[in-house]
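Asks: If you scroll down you'll find the structure; I have some questions about it.
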Amino acid sequence: MLVVVCGWPMAGKSTVARELSRKLGIHHVDIDDNIRFPIFGTPHPHPNSSPELMQKDREEIASSYELLMNAVDVYLRLSRSLIITATFSRKIGQEKLKAVCDRYPNSELKVVQCLPKNDDDEEIQKRLSDRVFGKNCFSSVNSSERYNEVKNRFEPILLPHLKIDTTKPFAFCIKEALEYLV
């Protein structure tokens, strides 16, 4: 089984995926923590400050997705379950994911989309305050402006999926996701 936990920045994807990994005993790979940061280093905290930095950010993200798809391919080829975490904000990423999964018809794809229903400025500031860039967060989404920029370019999830409201209590989110997955 491949479990994809996706959604907007700061929606709780990694937190949900880590708990699902623990409860299901399935390995978890996070695109930021396990791929982008270890391979490319700490991203620039404000890539939108110049066109050159934005281009570098886009190239690192695209390469990170390519590496993530390679990991998915290896796990599915070996008939091993995996949980992955990434935004999947673009249709092209979803199409590439589907293409990898289509090569393994006996595998099961489950998508959980994390979407906080309350994402007003106060809630975003609260979520940002829990993040320390370069310590417990390696995402370049570290301001309300950057959050809204990324959120506004989000394309709909095309694959069948479960939407969970991650402003609900954490235990409820996990229970809802587990019921969908098993």
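The values are calculated or read from the model by the stated rules, or taken from the named source; none is laboratory data. Here the structure is a predicted model, which means the values were calculated and not measured. Because the Cβ atoms are built from the backbone with ideal geometry, glycine has one as well, and the counts that use them run over all protein chains shown. Surface areas here come from the heavy atoms of the whole protein model, side chains and all, with no ligands, DNA or RNA. Shrake-Rupley method; radii C 1.70, N 1.55, O 1.52, S 1.80 Å.
Asks: Being within 17 Å of the chain's Cα centre (by Cα) and either at pLDDT below 80 or more than 19 Å from Ser64 (Cα to Cα) (or both) is the filter here; which residues of region 98-110 pass it?
Replies: Within region 98-110, Leu109, Lys110 meet the criteria.
Asks: A follow-up question, please. Among the residues of region 129-140, is there at least one that is open to solvent by less than 50 Å² (accessible area, probe 1.4 Å), farther than 30 Å from Leu76 by Cβ and at pLDDT below 80?
Replies: Within region 129-140 (the criterion being open to solvent by less than 50 Å² (accessible area, probe 1.4 Å), farther than 30 Å from Leu76 by Cβ and at pLDDT below 80), the answer is yes, since at least one residue qualifies.
Asks: Looking at region 153-179, which of the residues that are farther than 14 Å from Gly7 by Cβ and not in a loop (DSSP other than H, G, I, E, B) is modelled with the lowest pLDDT?
Replies: Phe170
Asks: Right, here's the next one. Considering only residues that are open to solvent by less than 60 Å² (accessible area, probe 1.4 Å) and either more than 15 Å from the chain's Cα centre (by Cα) or among the hydrophobic types (A, V, I, L, M, F, W, C) (or both), look in region 166-179 and name the one that is farthest from Leu97 (Cα to Cα).
Replies: Of region 166-179, the ones open to solvent by less than 60 Å² (accessible area, probe 1.4 Å) are 166-167, 173-174, 176-178.
The next check asks that each one be either more than 15 Å from the chain's Cα centre (by Cα) or among the hydrophobic types (A, V, I, L, M, F, W, C) (or both); those that pass are 167, 173-174, 176-178.
Details: Thr167: 27, Cys173: 24, Ile174: 24, Glu176: 23, Ala177: 20, Leu178: 22 Å.
So the residue we want is Thr167.
Asks: Another one. Any residue at all in region 79-92 that is surrounded by 17 or more Cβ atoms within 10 Å (Cβ to Cβ), of a type in the set (S, T, N, Q), modelled with pLDDT under 95 and under 27 Å from Ser144 (Cβ atoms)?
Replies: Taking every residue of region 79-92 in turn, at least one turns out to be surrounded by 17 or more Cβ atoms within 10 Å (Cβ to Cβ), of a type in the set (S, T, N, Q), modelled with pLDDT under 95 and under 27 Å from Ser144 (Cβ atoms).
Asks: Residues that are within 30 Å of Phe170 (Cα to Cα): find the helices (runs of 4 or more DSSP H) completely inside region 16-124 holding 3 or more of those.
Replies: 51-77, 91-102
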